[in-house]
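Q: Take this structure first; my questions come after.
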Amino acid sequence: MLDINPILLLVTFVVFVSLIAVLNSKLYNPLLSYMKKRDDDLKNDLAKVGSNDEEINALHEKAESIITKAKLEAAALREKVIADAKELAESKLDAKRTELAKEYLEFEQSLAESKKELTSDLMSQVPVFKEAVKAKFSQI
């Protein structure tokens, strides 16, 4: 039936062991070293990501402070411009008010002069009116 041939068994064992040794040196060890290197790289990348988070947060805080400072400067500048514009408008309004007051005074003076002239004209015409009224009464 089945015979066990010791030489064939020994050769098979030697081939098997040599195959394991060759596979170990050519396949398994490089594969395991590659996997270990990959794990180490992943750990390093994760550590760098953690440190990058701190760096990103620091940069974000710096950007926020710059934005806040710029907003404050813009608000101060806007307030200054508004104040300057109000001051300029007030000065123009005051100048216009004084001009209008002067014109009003001149108008009042010319009106008073016109009133005097009309009064004097009417006073000079009173005798003529008296004569006209007497003539009308005499006709009635």
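Q: Looking at the range 54-74, is at least one residue surrounded by fewer than 10 Cβ atoms within 10 Å (Cβ to Cβ), free of Cβ contacts under 8 Å to residues at least 60 places away in the same chain and out of contact with any helix residue (DSSP H, G or I) (no Cβ under 7 Å at 6 or more places or on another chain)? Step through it out loud before you land on a result.
A: Restricting attention to the range 54-74, the residues satisfying the condition of being surrounded by fewer than 10 Cβ atoms within 10 Å (Cβ to Cβ) are 54.
Adding the requirement that they be free of Cβ contacts under 8 Å to residues at least 60 places away in the same chain leaves 54.
So of that shortlist, the ones also out of contact with any helix residue (DSSP H, G or I) (no Cβ under 7 Å at 6 or more places or on another chain) come out as 54.
Scanning the range 54-74, I find at least one residue that is surrounded by fewer than 10 Cβ atoms within 10 Å (Cβ to Cβ), free of Cβ contacts under 8 Å to residues at least 60 places away in the same chain and out of contact with any helix residue (DSSP H, G or I) (no Cβ under 7 Å at 6 or more places or on another chain), so the answer is yes.
Q: Turning to a different aspect of this structure: Quick check on LYS48: is it at pLDDT 95 or above, out of contact with any strand residue (DSSP E or B) (no Cβ under 7 Å at 6 or more places or on another chain) and surrounded by 10 or more Cβ atoms within 10 Å (Cβ to Cβ)?
A: Numbers: at pLDDT 95 or above: no; out of contact with any strand residue (DSSP E or B) (no Cβ under 7 Å at 6 or more places or on another chain): yes; surrounded by 10 or more Cβ atoms within 10 Å (Cβ to Cβ): yes.
The answer is no for LYS48.
The values are calculated or read from the model by the stated rules, or taken from the named source; none is laboratory data. None of these values were measured; they are calculated from a predicted model. Don't worry about glycine lacking a Cβ; one is built from the backbone with ideal geometry, like all the others, and counts go over all protein chains shown.
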